[in-house]
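Notes follow once the structure below has been shown.
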Amino acid sequence: EAPARAVGDAHAAITLLDRDWRIVFVNQRSADLVGASRESLIGRCIWDMYPGATTGTAFHAFTRAMRDQVVVT
């Protein structure tokens, strides 16, 4: 419980996705950046939220992270 609380309270924006690109966890910093509540983001597909983000460097980094199960920043 303590590590999960530490992640939730982190100053960095943290969003965790499942294999279907759905948000399974979002900390308050990340929710604040998109102007939404944490609860309203859970279960949403990140590509539905940002349809224009399906190309470019970030998209390729995200798909590489998912495919190869590696951390990207």
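The values are calculated or read from the model by the stated rules, or taken from the named source; none is laboratory data. The structure displayed is predicted, hence computed values, not measured ones. Every residue, glycine as well, gets a Cβ built from its backbone with ideal geometry; the counts of neighbours run over all protein chains shown. Just the protein is used for accessible areas: all its heavy atoms, side chains included, with ligands, DNA and RNA removed. Shrake-Rupley method; radii C 1.70, N 1.55, O 1.52, S 1.80 Å.
For the listed peptides 23-33, 48-58, a ranking on the average number of other beta carbons within 10 Å per residue, highest first, reads 23-33, 48-58.
Simple rule: put +1 on each Lys or Arg Cβ and -1 on each Asp or Glu Cβ in the chain, find the dipole, and look at V72, H60, S37; the Cα lying farthest toward the positive end is H60.
Take H11, H60 and sort them by solvent-accessible surface of the protein heavy atoms, 1.4 Å probe, largest at the top.
In descending accessible area the options line up as H11, H60.
In the stretch 8-55, Cα pairs under 8 Å separated by at least six residues give a relative contact order of 31 percent. Under 5 Å between amide hydrogens, built in the peptide plane, is the criterion, and for F25 it picks out L16 among residues at least 5 positions away or on other chains. Dipole check for the chain: with +1 at the C-beta of Lys and Arg, -1 at the C-beta of Asp and Glu, and the Cα centre as origin, the magnitude is about 140 Debye.
The calculated FRET efficiency for H11 paired with R44, based on their beta-carbon distance and R0 = 30 Å, is about 0.80. In the chain, the DSSP-assigned H stretches of four residues or longer account for a calculated mean residue ellipticity at 222 nm of -12000 deg cm²/dmol, using -39500 (n - 2.57) per stretch and the full residue count as denominator. Could you state the angle between the C-alpha long axis of helix 56-68 and the longest principal axis of the C-alpha atoms of the chain, as a value from 0 to 90 degrees rounded to the nearest 10? Between helix and principal axis, roughly 80 degrees.
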